[in-house]
Amino acid sequence: MSETLKRLIEKGQKALKQKKYEEASTHFEAAIGTQERAHQAWFGLGEVALGIGQLDTAAQFFEHAVQLQPEVVLYQQRLGELYSHTGLAAEGIELLQRARRCAPRDASVLLSLAGAYARAGNWHQAKAVLQSVFRRVKPLAAHYCLLGLACQQLGELDAAREAFRKASVMDPRYPDAWLSLGHLYLQKRQMSEAERCLARLTGLAPGLPTTLNLAGDIALERQNYRDAANFFRAALEKAADSAALQVKLGIALVWCGNVLEAIDALENAHAAGAREDWVYEQLGLVFSTTGRLQTARENLEIAVEKSPDNLEAWNILINVYSRLGESEKARQAAETILARNPEHVNALINLASWYGDQARNEEALALMQKARTLAPHRSIVYGNTLWIMVHASEITADDVLEMARVFDRNLYRDLRRADDFRDRDRDPDRRLRVGWVSSDMNRHPVSMFVLPCLAHLDRGTAVETFVYSSTRDADHVTERLKARADTWRDVVALGDDALADLIRADEIDIVVDLNGNTEGNRLMALARKPAPIMVTWLGFPGTSGMSAMDYILVPPDPVLERPGWSSEAPWPLPDCYGVRADLPEVAIEPGLPCERTGKPFTFACFNNFRKVSRKVIELWSRILVRVPEARLILVAKGGRDSVMTGYVREQFGQHGVDPARLEVRGYCPQAEYLASHNVADLCLDPFPFNGGTTGYDAIWMGVPFITLPGDMLVSRMGKAILENAGLSELVAPDADAYVELAVALAQDRARLKALRENLRERMRASPLMDAPRMARSLEGAFRGMWRRWLDGQAAETGPRQ
């Protein structure tokens, strides 16, 4: 390099450091005029362009510098960073990986690569790179914040908290540390800790919109709506064009009762770029997801009034009306959408669900067929189809299995990763890592079965428990479950690839899927086969159809132990399918209700009416005709809706049953629901989808039930419950026997009293409530599966040492 060229480049670099961009540009251009291939000058021009915000021009200069001198790590790094920041994520990562190969110990390059991974949403890789940097150099507070963000996105909230805390200790005056920590505590609903972080943040940066936004979010969570509104107003003074802040202000003002000012805020959100109907739609969605259904309904109805073509608002309304029990309005909302767009898949799904709630499975399946044709690669379409199919008496186990396998072929099979888990410790007797995957880790029926098992697992030598929770509404049950897990990961915000990566990185030996094809499931992640052994249990009592799923847990039952009805290999538990514990001690009133109250003999089914298939209606009508003085209690979503109740009565009326003999109830709180059993003399189990939780509840409340088993898991749940309760005589071998048994018990009061006597105590002493016994059963199942997997590996690679 000539002395002239060297001086020009040095002068340009000095001006660049002083941010004298025009002067720097003049020197670099002169250098290029002296020698066109002066790569340092081209790089310097790139830095100038970057400094004045001309990103496209900067990229061109950096690209030329890399072309002239491809081995210079700094050139690769800067271009990779720029690509990453401008939406070229894959290209940026590729360049930074190349720089890393050239300089594997360069902490600066590694930090740039971690940032690029983070911007691309690949949080697992971002975290891994950051950890490798931390082993080489002393990290800064900003680096700990990035690590915390990665952990937060991976559901490792405790690790995220620790990283943010380290950032705050390392540099107590770094605002982002307190902001990140505050949002994390808010996410975890640890309000006092969130408020402590807010106080520190306010001391450092009181006027920043981000500070005021956090303050408003905390006040909103605390239901301090007036304070929240004040914080959002203050934030908007600094960020007036933020539609999100305007919507939050509107929400706070609505709860303050300041309707006129709330309207102003919504109009401002609209002025900031948000459509007015969209704002109301978003309010409706927020209130719907937080369970404030009446408020959700009001906002959504305003949205569709202002824009009748806002089909998404109509679609949310279907769900809200349905949850409010306004069945007919839900149907009308769905048909409003389909009149405007007959191919609106969500409306087809929701209307199918409406028909399913009325046990009108033929109409529901026809709509789902259309939805599958329009959206053959949407998982909800297949999941809802399977859900309807297992409720339909006209559908066989073969039909369900075939549809589940179609599901696998169209969505799941190609996602499976090639992984032989060669890194896994092959000791047959070692402590196993078991990962429980669920979106129902709160006060949900599934958790009522999981909680007692987790409490009694041998976590010292048998299993190490990991929970991957996609639960949106955490509650006191969530906290109890957390206390029984060795590792708890909140993964609701994690993508399917990232969740699969996380399970693989945790070296889970056995995944237990607790959702199956139900709402909130993570089957798309599990289809990637992130663990050697995969098991499905509880959530969806039926086959997943997934080639990646190895086993399905079943009660001891010769029909279920035979292959053919499920894609998974059935693994029978030794006693029962599940256990309950901590059932509410709702009082059982003595004697038969019909004798105690002087009212007619009462049959009851406290299951959702969607389980009452057409064959069930036919059979129960035969019973009511044979016992003409008896009445029947049913429960239905929309049980207070005249259209719904009218439909139910009409169905029984077609079989000669006086509608006055039917009582159709809506949903009610748990204690009231359990107490309802005190008016039932005998319960009737529906089919093909038997009662699960409701079967346990009936026995707990001292009311026996009659069941008719079928040919798949959903239709043999009642049998498993009754056999464990010592009531095998109530398992009918066929439809005629079911009718005869119900009639006989209605007429033989002494026999029925004997069956009801001390039923709660008998249940309490049975395997149905023996949690330690169930825990040992699960441990035995897991150990058996593990050894079978090891034997399979040995057959492929030779005997294990």
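The values are calculated or read from the model by the stated rules, or taken from the named source; none is laboratory data. Keep in mind that this is a model prediction, so the values were computed, not measured. Because the Cβ atoms are built from the backbone with ideal geometry, glycine has one as well, and the counts that use them run over all protein chains shown. When the accessible area is computed, the model is the full protein with side chains, heavy atoms only, and any ligands, DNA or RNA have been set aside. Shrake-Rupley method; radii C 1.70, N 1.55, O 1.52, S 1.80 Å.
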Requested in this report: Show Tyr21, Tyr321 ordered by accessible area, largest first, where the area counts protein heavy atoms only and the probe is 1.4 Å.
Outcome: Tyr21, Tyr321
Query raised in the report: What ratio of Cα Rg to 2.2 N^0.38 Å holds for region 226-305?
Result: 1.01
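So what is the diffusion coefficient of region 571-625 in µm² per second by Stokes-Einstein at 4 °C and 1.567 mPa s, using a Kirkwood Rh over Cα pairs?
So the translational diffusion coefficient is about 84 µm²/s.
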Query raised in the report: Across 10 Å bins from the origin, how do the percents of Cα pairs in region 19-156 run, short distances first?
Result: 13, 37, 31, 15, 3, 0
Report summary line: Rounded to the nearest whole number, the per residue volume of the convex hull around the C-alpha atoms of region 439-522 in Å³ is 92
Query - Rg/Rh (Cα only; Kirkwood hydrodynamic radius) as it applies to region 186-256 - result: 0.95
Report summary line: Taking every C-alpha to C-alpha distance in region 710-759 and binning by 5 Å from 0, the per-bin percentages run 4, 19, 24, 28, 16, 7, 2
Query raised in the report: With every protein chain left in place, what is the accessible area per residue of the chain in square angstrom, probe 1.4 Å?
Result: 42
Report task. Can you tell me what the convex hull of the Cα atoms of region 84-234 projects to on average, as an area in nm²? Result -> 9.4
Requested in this report: Distance from a point 7 Å along Cα→Cβ of Glu362 to each backbone N in region 636-674: keep the residues under 19 Å and list them by number.
Outcome: 647-656
Requested in this report: Based solely on C-alpha atoms, express the radius of gyration and the Dmax of region 363-416 in angstrom.
Outcome: 11.0, 34
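Can you give the local net charge around Asp506? Use residues other than it whose beta-carbon is closer than 11 angstrom to its beta-carbon, Lys and Arg +1, Asp and Glu -1. Please report the intermediate quantities before stating the final value.
On the way: positive: Arg433, Arg489, Arg504; negative: Glu156, Glu464, Asp486, Asp501, Glu507, Asp509.
With Lys, Arg at +1 and Asp, Glu at -1, the neighbours total -3.
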Query raised in the report: Which value in nm describes the separation of the simple spin-label points at Glu193 and Ala569, placed 7 Å from the Cα toward the beta carbon?
Result: 4.3
**Report entry** region 320-413 - Rg (one decimal) and Dmax (whole number), Cα, Å
**Finding:** 13.4, 40
Report task. Considering Cα pairs under 8 angstrom that are at least six residues apart, work out the relative contact order of region 178-316 and quote it in whole percent. Result -> 13
Query raised in the report: Can you give the Rg to Rh ratio for region 726-798, taking only C-alpha atoms and Rh from Kirkwood?
Result: 1.31
Report summary line: From DSSP H assignment alone, runs of 4+ in the chain each adding -39500 (n - 2.57), the sum over residues rounded to the nearest 500 puts [θ] at 222 nm at -18000 deg cm²/dmol
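Run the numbers on the chain and let me know its relative contact order in percent, using alpha-carbon pairs under 8 Å that are six or more apart.
This gives 8 percent for the chain.
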**Report entry** For region 392-495: relative contact order, % (alpha-carbon pairs under 8 angstrom, 6 or more apart)
**Finding:** 26
Query raised in the report: Given 10 °C and 1.306 mPa s, how large is the Stokes-Einstein diffusion coefficient of region 513-583 in µm²/s, with Rh as the Kirkwood radius over Cα pairs?
Result: 124
Query raised in the report: What percent of all Cα-Cα pairs in the chain falls in each 20 Å bin, counting up from 0?
Result: 13, 39, 33, 11, 3, 0
Query raised in the report: Quick one, what does Rg over Rh come out to for region 662-801 if you take C-alpha atoms and the Kirkwood Rh?
Result: 1.14
Query raised in the report: Where the accessible area of region 561-656 is counted over protein heavy atoms with a 1.4 Å probe, how much of it, in %, is carbon and sulfur?
Result: 51
Query raised in the report: If each Cα of region 380-489 is one equal point scatterer, what is log10 of I(q)/I(0) from the Debye formula at q = 0.17 Å⁻¹?
Result: -1.03
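What is the sum of charges around Gln332, taking Lys and Arg as +1, Asp and Glu as -1, for the other residues whose C-beta is under 14 Å from the C-beta of Gln332?
It works out to a net charge of -1.
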Requested in this report: Would you list, by chain and number, the lysines whose Cα falls below 26 Å from the Cα of Lys166, excluding same-chain residues fewer than 8 positions away?
Outcome: Lys127, Lys138, Lys188, Lys482
**Report entry** Cβ-based net charge around Ala15, under 9 Å, with every Lys or Arg adding one and every Asp or Glu removing one
**Finding:** +3
Requested in this report: Determine the equivalent ellipsoid of region 104-186 by diagonalising the alpha-carbon gyration tensor, then write out the semi-axes as square roots of 5 times the eigenvalues, largest first, rounded to whole Å.
Outcome: 20, 15, 10
Query - At R0 = 51 Å, FRET efficiency that the Cβ-Cβ distance of Gln18 and Ala271 yields, to 0.05 - result: 0.75
